[in-house]
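Have a look at the structure below, then the notes.
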Amino acid sequence: MSEQVDVLVIGGGPVGAALARALSSGHPVSMIVLEAKTSPGPDPRVLALSHGSRLFLERIGAWQNVRRATPINTIHVSQKGGFGRAVLRAEESGVPSLGHVAGYGEIHDALVEGLSPEIYVEGATAREIDLSRGTVDFDYLGERRQVCARLIVMAEGGRLVEQVKGIEVHRKDYGQWAVIGQVKTDRPHGNIAYERFTKEGPVALLPFGDGFSLVWTATPDYARSLVEMERGEFLQRLQDHFGSRAGRFVDCDKRSGFPLALRYCEPIVAERLALVGNAAQTLHPVSGQGLNLGLRDVAALSRSILDCPIDEIGHPGMLSAHAKSRRTDREGGIRFTDSLIRIFSNEIPLLDSGRGLGLAALDCLPPARKWFSRKMMFGLRPGRIL
C-alpha cells in the first residue's frame, strides 16, 4: 500500500522547503518533502535574495528567522577595459533595499523551521517515478518505500527528470567555472554590490557581514589555480583583475569552484508533474537570478494549488494554466542571463563601445534604471504571486 498525499516535493533545498512553507499556510493540503541529505553540516554558500524574494519569504513566515542578512542598497555595474557604468539605487526604485545577501544554511534553516518530520523527511532519496499512477519510490532508512500523490513537484535537478517522457532537457556549457569565497577590503562595503564584466567572465562582490562574498568567473584551468593559490597571491590577482573601486583586498578565506552551465527543461509540466527551481532551470550566476526565479516558480505554483479544489490539484487544466503563467518571466530570465554572458564575455572589439554606450545610457535615464531594477526584483510578470 502506498501512502497518499496531495503534493509530493522531491528536493528539500530552499525552493522545495519554500513550497512546503507556502502550502502549510493555506487550506489543508497534505504533503511530503523528500530530502536526500540528513543533518547537513555548515554550508559555505551565500545566496542573493531580491527584494521580491524577501517579500515572499515574509509572506510565508520565514524571513523573520533570517537574522544575519546584509542589505544591498546599491548595485554598481561596470566593464573592465571599457568606458561606461551604471549605478542602481534602492531609493530610486522606492524600496528599502534592492535585495539581501545571506548564508545558504540560514535561509534553508529558516524555511525548514516549523515543518514536522512527517512532512520534511530527511534521508529520503527518490529512485523511481511513475506519473501514470502518481507514485514515487524512495529509499529511507535502508528500506524501499512508496508514496502516491495528486501532484509531484521536482524542486531539484537530477536523473529523475530524464525519466519523464515529453520533457526535453536543454544544456549549454559555458566553458567557465565560478570561484567563490569570502573576501575583505580595507574599507566598509557601504552595502554596495559590484558586478564587473570582463572578457573572461563576470566578477561579482556581494556585501555580506563585514566583507564581501566573491563570485569570480574564469576558465576551468585558471579557476582551479585560483582555488589552490596562496592567500597573498590570490588577493593580488583579484586586485589586478577587479580594480580598486571596492578598496584594497586584505583578506580571504578558503575558496571553492564549480563548472557553469545553462540547463532548462521544456515544458515545465507533465502528467501530475510540475518542475520548479533547479529542476526547471539552472542559470549562470551572473545577476544572481537563479534562486529568485525559483522562488517565483514556487510563489506561482503554491497560488495555483491553493486556489483550486483539493480534487483538482494536479489536473491537466491546472498545470497548463500554471505553465502559461510562468512562461514570460521564466523565458525572459533564461534569455537575460544567457545574453549577458554572450554579450559581455567575449573579445569582439566592436562590442566594447556598444556595451559602454548601453551602460552609460542606463545610467543617464532614471526611468530606465527604475524599470530595470524592478524587473530584477520582481520578474517580468510579478502579477499577484508575491
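The table below lists the values:
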| item | result |
| --- | --- |
| Check on residue 200, within 18 Å of the chain's Cα centre (by Cα), in contact (Cβ under 8 Å) with a residue 40 or more places away in the chain and either surrounded by 14 or more Cβ atoms within 10 Å (Cβ to Cβ) or under 30 Å from residue 269 (Cβ atoms) (or both) | no |
| All strands (runs of 3 or more DSSP E) inside the range 33-129 with 3 or more residues being within 29 Å of residue 369 (Cβ to Cβ) and in contact with a Gly (Cβ under 9 Å, 6 or more places away or on another chain) | 46-50, 70-72, 74-79 |
| Residue 319 vs. criteria at pLDDT 85 or above, in the same structural domain as residue 283 (by TED's automatic domain parsing) and not basic (Lys, Arg) | yes |
| Residues of the range 243-280 that turn out to be out of contact with any helix residue (DSSP H, G or I) (no Cβ under 9 Å at 6 or more places or on another chain) and free of Cβ contacts under 8 Å to residues at least 60 places away in the same chain, as a count | 1 |
| Breaking point among (1) outside the structural domain of residue 154 (by TED's automatic domain parsing); (2) over 15 Å from the mean Cα position of the chain (by Cα), for residue 215 | (2) |
| Within the range 204-261, tally of residues that are of a type in the set (Gly, Ala, Ser) and surrounded by 18 or more Cβ atoms within 10 Å (Cβ to Cβ) | 7 |
| Given (1) closer than 28 Å to residue 332 by Cβ; (2) not in a loop (DSSP other than H, G, I, E, B); (3) not assigned by TED's automatic domain parsing to the domain that holds residue 88, number of the condition residue 201 does not satisfy | (2) |
| In the range 161-193, the residues that are buried (at least 18 other Cβ atoms within 10 Å of the Cβ), touching a Pro at 6+ places or on another chain (Cβ under 9 Å) and either outside any loop (DSSP other than H, G, I, E, B) or hydroxyl-bearing (Ser, Thr, Tyr) (or both) | 174, 176, 177, 178, 180, 181, 182, 192, 193 |
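Residue-wise test of (1) at pLDDT below 95; (2) not β-branched (Val, Ile, Thr); (3) not assigned by TED's automatic domain parsing to the domain that holds residue 202; (4) not in a helix (DSSP H, G or I).
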{"site": "244", "(1), (2), (3), (4)": "yes, yes, no, yes"}
{"site": "250", "(1), (2), (3), (4)": "no, no, no, yes"}
{"site": "284", "(1), (2), (3), (4)": "yes, yes, yes, yes"}
{"site": "294", "(1), (2), (3), (4)": "no, yes, yes, no"}
{"site": "332", "(1), (2), (3), (4)": "yes, yes, yes, no"}
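The values are calculated or read from the model by the stated rules, or taken from the named source; none is laboratory data. All values derive from a computational prediction rather than experimental measurement. Heads up, the Cβs are rebuilt from the backbone with ideal geometry, glycines too, and the neighbour counts pull from every protein chain shown.
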